[in-house]
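Have a look at this one before I ask anything.
The values are calculated or read from the model by the stated rules, or taken from the named source; none is laboratory data. Source: prediction; values computed, not measured. Reconstructed Cβ throughout: ideal geometry from the backbone, glycine too, with neighbour counts over all protein chains shown.
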Amino acid sequence: MYHHSASTSQPAAGSATGVLDAAPADSKDAILFQRCAWCGTAMYHRLLCPVCQGSELRTERSEGTGTVRHSTVVHRNTPAARNVSLIEMTEGFVVRGRVMGPPVGIHSGDRVRLSTAKDPVRGEPVFQLTDEPYRAWT
Ligand SMILES: [Zn+2]
C-alpha cells in the first residue's frame, strides 16, 4: 500500500467533507446519448427515435466502452493516414470516431474504450483499443 505522506501530516483547513464525492471527475470526457422514452432504443445525435419515431428522448451518459463495427483508413485531407471507425457502444448506439493506434491494426470486433470525448481538432470521439477480456473495465 503506497501513501503520499504529505496529505496525512497537514491539517486540512476547514475540513470539507463530501467534496470529492460530488465532483463529476470526467464528465467532459463522456459521450452523451439519447434513449427513447417510449421503446428504450439508444441513439446518438438524433431528434427522433429511428425505431418508433418517438420524440421523447432522455439524455444518458455512456460508460465509454464499445466494439468496432467497421473501420476505414482515410488518406484524404490529412497529413497521415487515420482511421474512421464505427463503434457500437455497450448501450447499443453507434458512434463514428477514431481509434488510436496503427490504422491497419483496427478490426471489426475489437474492444475499445473511450479516450477523449471530443478530439480538439475534429471534435470527434477518440477511442483506444483494449485487449482486456470482456467486462474487464466494470
Ligand atoms: Zn422509440
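Which pairs do you get when a residue that is of a type in the set (Lys, Arg), found in the stretch 36-65, comes within reach of a residue that is not in a loop (DSSP other than H, G, I, E, B), reach meaning Cβ atoms under 6 angstrom, with the pair 6+ apart or on two chains?
Arg58/Arg35; Arg61/Leu32
Consider Pro120 against the criteria (1) in contact (Cβ under 8 Å) with a residue 12 or more places away in the chain; (2) out of contact with any Ser or Thr (no Cβ under 7 Å at 6 or more places or on another chain); (3) exposed (fewer than 12 other Cβ atoms within 10 Å of the Cβ): it satisfies all of them except one. Which criterion is unmet?
Condition not satisfied by Pro120: (1).
Can I ask one more? Tally time: how many residues in the stretch 61-84 are in contact with a Lys or Arg (Cβ under 9 Å, 6 or more places away or on another chain), assigned to a strand (DSSP E or B) and at pLDDT below 95?
Qualifying residue count for the region: 5.
Among the numbered criteria (1) within 14 Å of the ligand (Cβ to nearest atom); (2) closer than 20 Å to Asp131 by Cβ, which single criterion is violated by Ala37?
Single failed check for Ala37: (2).
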